[in-house]
1. Can you compute the modelled spin-label distance between B:Asp79 and B:Lys98, with each label point 7 Å from Cα toward Cβ, in nm?
2. Which one of A:Leu227, A:Gly275, A:Phe140 is farthest out on the positive end of the charge dipole of chain A, using unit charges on Cβ (Lys, Arg +1; Asp, Glu -1) and the Cα centre as origin?
3. May I ask which residue of B:Thr49, A:Gly74, A:Ser53 lies farthest towards the positive end of the charge dipole of the protein assembly as shown, with charges of +1 (Lys, Arg) and -1 (Asp, Glu) on Cβ and the Cα centre as origin?
4. What number comes out for the charge environment of A:Ser6, summing +1 per Lys or Arg and -1 per Asp or Glu over other residues with Cβ under 15 Å away?
5. Choose one answer from B:Ala42, B:Ala235, B:Ala347: the residue with the largest mean-square fluctuation in a GNM of chain B with alpha-carbon springs under 10 Å.
6. Working only with C-alpha atoms, what are the Rg and Dmax values of the stretch B:369-432, expressed in angstrom?
7. With only alpha-carbon atoms counted, please give the Rg and Dmax of the stretch B:286-435, in Å.
8. In deg cm²/dmol, rounded to 500, what helix-only [θ] at 222 nm does the protein assembly as shown give when every DSSP H run of at least 4 residues adds -39500 (n - 2.57) and the total is split over its residues?
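Please treat every number below as a calculation from the coordinates, not as lab data. Since we're looking at a predicted model, the values are computed, not measured. Quick reminder, even Gly has a Cβ in these numbers, built from the backbone with ideal geometry, and neighbours come from all protein chains shown.
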Amino acid sequence: MNLTVSSSPHIRGKDTTQRIMLDAAIALAPALIAGIVFQGLRAGAVAVVCIASALLGEWSIGLVLRKHDTLLDGSALVTGLLLALTLPASVPYYVAAIGGLFAVVVVKGLCGGLGQNTFNPALGGRAFLMLLFPACLTRFPALGTVLSLGELSPADVVTGATPLHHMQMPALPDASLMDLFLGRAGGCIGEVSALALLAGGGYLLARRVISVRIPAAYLGTVAALALLFPKGESPVLWMAYSLLSGGVILGAVFMATDYATSPVGPAAQVVYGVGCGVLTVVFRYTGLFPEGVTYAILIMNAAAWLLDRYLVPKRYGAGKEAAR
Amino acid sequence: MKSLFFGGVHPAGRKELSAAVPLSAMALPAQAAVLLRQHIGAPCEPLVTVGDTVCVGQKIADGGGLCVPIHAPVSGVVDAIEDRPHPGGGVCPAIIIKNDFLDTPAPTMKPYSHPERSTPTELLSIIHEAGIVGMGGAAFPSDVKAKTGMRQTDTLILNACECEPYITADDVLLRTRTSDVLQGLAVLSHVLGPDRTVIAVEDNKAEAAALLREHLADFPGVELKVLPTRYPQGAEKQLIQAVAGRQVPSGGLPRDVGCAVFNVATAAAVYRAVYEGTPAIERVVTVTGEGVKQPRNLIVRTGTSFLEVIAAAGGLTDDVWKVLSGGPMMGVAQRDLSVPVTKSTNAIVCLSNAQNGEAPHPTCIRCGKCLEVCPMRLEPLYLHRYSGAGDLDALDRLHLMDCIECGCCAYACPGKLPLVESFRRGKRALKEGVK
């Protein structure tokens, strides 16, 4: 008889890393589908390229660092998918591939791997591409242009302004709020449909993969600042357009909630969300580019551990309740 | 119903494996290995030598300081005094008694003449002499707990939560010997003189709760509190929070917040000591799990080997994975099944391979589930990190010593980190002050 002797607890819950990653992928599916519906099959092809390059990156870094096989933990899949959602459907395939590799190999793998990286891999990948190929990432196919798969690098796509471009002018975009909510507007593959993103976010909340703290603090801060400092005539309209255009919902629900790069303490999470919101609005108002979500989250990523360090939850037996 | 303490988890109870099996007495063992360390505090010294004849219930070991005596669980001859494996880990000196199967009672085993008119001091002395310890697993000498709680306790809690999965020992005891438990509680109440006496039971034990409610007519002033089932509600600090809404200060004791908590089996042992004159020589042990053929609730004399108890439950299955002293959340995995039952062995849980949820490459993904479930509101993921790094300052700053090792964090961890193991290592390092 061979009895196993190891530490308690001897039973474990059903949650696994794989299951959580699968949930994240499921939650992202509506946004990808909306991207394909509104921008054509090429959006799906970009996602395939990003995922494939992310998996290739994961496999190769495992080989080099002689780590156990992490290809199937689902983390690289989610990173690739997230990256794709932050790119325009017109992005050249090789640019998408470079982004996927950089995200997984450099931003995640070389910074410690799963759970240890400081910066969000997908956003790190996107920031890298912004540096190398700014034109590919800031030009979007005009609304209604459906890209075919064969266009390897559709340099000559008709460029259309996104709602955020208008808001930088500043002016309210032509698109109606309902268009923005559903996804009938220019933008990156995964950011156009607020409805699809919120459906995915609802799924993550229901599955208890994420808590509402970071997205609520993030979106709440953006809303509050837009109300306080509107550039349009109506503060409420300006707030609504600020929330629905650009990548702020994608960022708040799926990027800022990334486990490895966000704080774990409840108070720290709220402060982190508020920080993301403030920086997003500041970058949108003052930056060169209309959008500021990527850099807002990346900067807050760097503060995540610090926030956890100083905003420690009040433990049992430490508060006033400890008195008789 | 809302949870009344912080965090916690809700594993599958699996109590159905043994809950319906009636309590039965196990056949006496041919040999009893009486460990000299069966309580928290100073170990006992033997009062007998090899070759001595002993009676059942005869005091055979005792000591000074924080210590309660140990009694012979069977009658017979002392065969040896030697080191034996301890279910808590390591080895410990034990008095080995060869059973003569006569079950000759010691002359000291007689009921106390006037329990109703006894003073608290007299009752404390009976509890001490009977060698009673916290039988829920903690094994703290009960007389010391009661004595230090005198005049400081406004809330006396009988812990009938039995929140560990699989175990049904307290449940069965409550259903079979309801009035014994309540009379034992009345003795403790008489000693402590609290304003409130509360029986705390979880709502997965409806039958026990109903029986208690019936019997409470005879015990005016005793409250029954049915709590929503959630692990680790039966942990002392969490139960105090759930019942009294108070938090034991960090590094403090229940009496610091006016509370005293006693387990069901402890109350039953107090009853038997006071009303029947029987010291702590037997207890209810649940032998259960998917790894044992016929789960049972057995009355077992201390010193009986796990092997014999398991045999009385039909033996192990072929796919047995672990044999635990205690429950699956906090129990200790056994290597050598010759270990004997002690005063605080409430269960022998045998798990099969299907329960193996360990992972070959545990990895923290910083999901924060461990924080959500920690009943002490600590930050397990950081404790794990700093424990691995040997950063004692950080471990101290994050109050590793407040960890109750309940295992909720590791249970909830999707990366399957061995968190409790790492905390034990960190605590050892903190105690030794090694960098």
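1. The modelled label-to-label distance comes out at 0.8 nm.
2. After comparing all options, I get A:Gly275.
3. Ranked along the dipole, the leading option is A:Ser53.
4. Once positives and negatives cancel, what remains is +3.
5. Largest GNM mean-square fluctuation: B:Ala42.
6. Answer for the stretch B:369-432, Rg first and Dmax second: 10.4, 32 Å.
7. Rg then Dmax for the stretch B:286-435, in Å: 17.7, 50.
8. -11500 deg cm²/dmol
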